[in-house]
Amino acid sequence: MISNSVFKNTVLFSFLLMVSCGSSFKKQETKDKKKEVATENPTSEIKTGDENIQAYLPILKNKKVGIVTNQTGIVSDKTHIVDFLLEEKVLLQKIFAPEHGFRGTADAGEHVVDGKDTKTGLPIISLYGDNKKPKPEQLEGIEILIFDLQDVGARFYTYISSLHYVMEACAENNIQLIVLDRPNPNGAIVDGPILEKEYTSFVGMHPIPLLHGMTIGEYAKMINGEKWLKDGIQCNLIVIPCLNYNRNMAYSLPVKPSPNLPNDQAINLYASLCLFEGTNVSSGRGTEKQFQIYGSPFLPKSNFSFTPISNFGSKDPMNKDQLCYGEDLTTIPKVTKLELKWLIKAYNETFDKSKFFNPFFTKLAGTKKLQQQIETGTLESEIRKSWEKGLADFKEMRRKYLIY
């Protein structure tokens with residue numbers, strides 16, 4: 001028979017054991033919950049250069065700073081980099097805006113005027129039109145210039161041309177340049193003809209393929225390293241890298257980089273469909289499916305048609321107010337190369353081939369050869385073969401500047 005005291009001790013021990021076990025279960029449950037949360041929000045989340053704050057904020061302390069940016073210059077919580085720097089008491093002096101303007105609302109090629117940011121009161125200097133390169137008087141008093149723009153990896157996307165001129169101006173005026181790097185949404189795709197020197201323009205400044213497969217920070221290193229700036233001068237350059245990123249990762253832009261690149265599909269197809277800008281075929285400007293459709297009044301009637309009109313992205317689009325027949329590419333799988341099949345098909349089917357190409361095509365292609373190949377019926381496989389040596393040489397050069 002168990003004594004009363006032994007019974008009491010047994011009950012007490014059982015109670016304490018239950019409490020202890022319950023506490024252990026709760027601790028384990030908490031650990032499991034934490035593990036669950038960690039899986040949902042992996043620490044390997046990509047951070048852009050402007051989110052790599054500790055790498056650049058100390059450099060800016062007590063310095064007079066200018067910034068080249070637009071609507072894509074946002075930090076993680078969608079705070080604009082300009083507002084973030086001002087909150088951090090950085091001595092921000094001036095904003096420089098590329099094509100499309102500081103808020104990214106101007107049409108491609110539209111004249112953007114200087115002005116003042118209504119929110120911060122900071123002066124805005126346009127780096128487009130006649131003033132592609134900052135003038136010495138515009139840089140006066142600036143000790144460090146920040147460059148924070150989202151590129152899309154295509155040679156004719158003019159933010160890399162703006163980068164060239166900004167680097168040149170910094171080199172000439174002894175100003176340090178900090179590039180806040182951002183992922184390339186077209187990742188590692190390297191494809192297309194190499195630009196030939198005689199066709200250099202603002203839509204193609206360097207001997208690179210149409211798709212270069214680099215981030216804008218890597219590209220800045222290449223401009224410097226290859227001495228592409230005037231007279232071979234070099235810029236005092238710092239690239240603030242992205243964190244937890246490699247170029248094979250998918251990356252969806254949180255903000256559209258320009259008015260006519262509204263989504264991931266448009267960005268992915270941009271390099272392939274932008275070649276239509278050098279023809280009489282619409283690439284979707286003047287619709288809500290820019291760079292996701294193509295068509296013209298000069299192609300045969302088909303099941304798909306659209307009519308470009310003046311809208312927020314294009315005041316005077318190609319084939320404005322005309323019924324265009326073509327193809328809808330909004331739901332096709334992601335492309336992994338420069339696609340020529342739509343361009344070749346449109347040329348073969350157009351009513352009057354002599355009116356298909358215009359002079360802008362050569363600037364976009366960076367060579368006369370591509371138009372000649374299409375006009376003479378060269379097979380796509382042969383066209384691609386003609387790019388092979390140039391692409392191999394470029395990849396070898398590019399390798400020296402890769403960060404990721």
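The values are calculated or read from the model by the stated rules, or taken from the named source; none is laboratory data. All values reported here derive from a predicted model rather than from experimental measurement. In this analysis, Cβ positions are derived from the backbone assuming ideal geometry, glycine residues included, and neighbour counts consider all displayed protein chains. Just the protein is used for accessible areas: all its heavy atoms, side chains included, with ligands, DNA and RNA removed. Shrake-Rupley method; radii C 1.70, N 1.55, O 1.52, S 1.80 Å.
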Checked pairs for segment 119-134, first open to solvent by 40 Å² or more (accessible area, probe 1.4 Å), second among the aromatic types (Phe, Trp, Tyr), C-beta under 6 Å and 6 or more apart or across chains, list as 132/165; 133/165
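Within segment 362-400, which residues are of a type in the set (A, V, I, L, M), in a loop (DSSP other than H, G, I, E, B) and under 23 Å from the mean Cα position of the chain (by Cα)?
Within segment 362-400, the first condition is being of a type in the set (A, V, I, L, M), and the residues that meet it are 364-365, 370, 374, 379, 383, 391-392, 397.
Narrowing the set further to residues that are in a loop (DSSP other than H, G, I, E, B) leaves 379.
Matches in segment 362-400: none.
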Considering only residues of segment 339-368 that are more than 22 Å from residue 384 (Cβ to Cβ) and hydrophobic (A, V, I, L, M, F, W, C), which is most open to solvent (accessible area, probe 1.4 Å)? 351
Among all residue pairs at least 6 apart or on different chains, which show Cβ distances below 6 Å where the first residue, located in segment 141-159, is more than 15 Å from residue 214 (Cβ to Cβ) and the second is outside any loop (DSSP other than H, G, I, E, B) and basic (Lys, Arg)? 141/64; 142/64; 143/64
Within segment 307-327, take every residue that is open to solvent by less than 60 Å² (accessible area, probe 1.4 Å) and closer than 27 Å to residue 153 by Cβ and give me the one that is modelled with the lowest pLDDT. 313
Considering each of 391, 343, 364 in turn, give the residue that is of a type in the set (A, V, I, L, M, F, W, C), modelled with pLDDT of 95 or more and touching a Lys or Arg at 6+ places or on another chain (Cβ under 9 Å). 364
Residues 273, 243, 299: which one is out of contact with any Cys (no Cβ under 7 Å at 6 or more places or on another chain) and within 21 Å of residue 56 (Cβ to Cβ)? 243
Test set (1) open to solvent by less than 80 Å² (accessible area, probe 1.4 Å); (2) part of a loop (DSSP other than H, G, I, E, B) - residue 331 fails condition number: (1)
Check on residue 273, in contact with a helix residue (DSSP H, G or I) (Cβ under 6 Å, 6 or more places away or on another chain) and at pLDDT 95 or above: no
Which one of these does residue 266 not meet: (1) in a loop (DSSP other than H, G, I, E, B); (2) within 27 Å of the chain's Cα centre (by Cα); (3) without any contact (Cβ under 8 Å) to a residue 60 or more places away in the chain? (1)
Could you check how many residues of segment 220-233 are in a loop (DSSP other than H, G, I, E, B) and surrounded by 15 or more Cβ atoms within 10 Å (Cβ to Cβ)? 3
The residue from 376, 336 that alone is open to solvent by 10 Å² or more (accessible area, probe 1.4 Å), of a type in the set (Val, Ile, Thr) and free of Cβ contacts under 8 Å to residues at least 12 places away in the same chain is 376
Selected residue (only one of 40, 36, 88, 45 is in contact with a helix residue (DSSP H, G or I) (Cβ under 7 Å, 6 or more places away or on another chain), open to solvent by 60 Å² or more (accessible area, probe 1.4 Å) and either modelled with pLDDT under 95 or closer than 23 Å to residue 117 by Cβ (or both)): 88
Yes or no: segment 53-65 includes at least one residue that is at pLDDT 95 or above and either acidic (Asp, Glu) or under 23 Å from residue 255 (Cα atoms) (or both). yes
Based on this model, can you work out whether residue 101 counts as on the phi > 0 side of the Ramachandran plot, within 21 Å of the chain's Cα centre (by Cα), open to solvent by less than 100 Å² (accessible area, probe 1.4 Å) and modelled with pLDDT of 50 or more? yes
So for segment 279-290 (the condition being open to solvent by 40 Å² or more (accessible area, probe 1.4 Å), small (Gly, Ala, Ser) and either in contact with an Asp or Glu (Cβ under 9 Å, 6 or more places away or on another chain) or assigned to a strand (DSSP E or B) (or both)), does at least one residue qualify? no
Among (1) crowded, with 20+ Cβ neighbours inside 10 Å; (2) at pLDDT 95 or above; (3) not in a helix (DSSP H, G or I), residue 112 falls short only on (2)
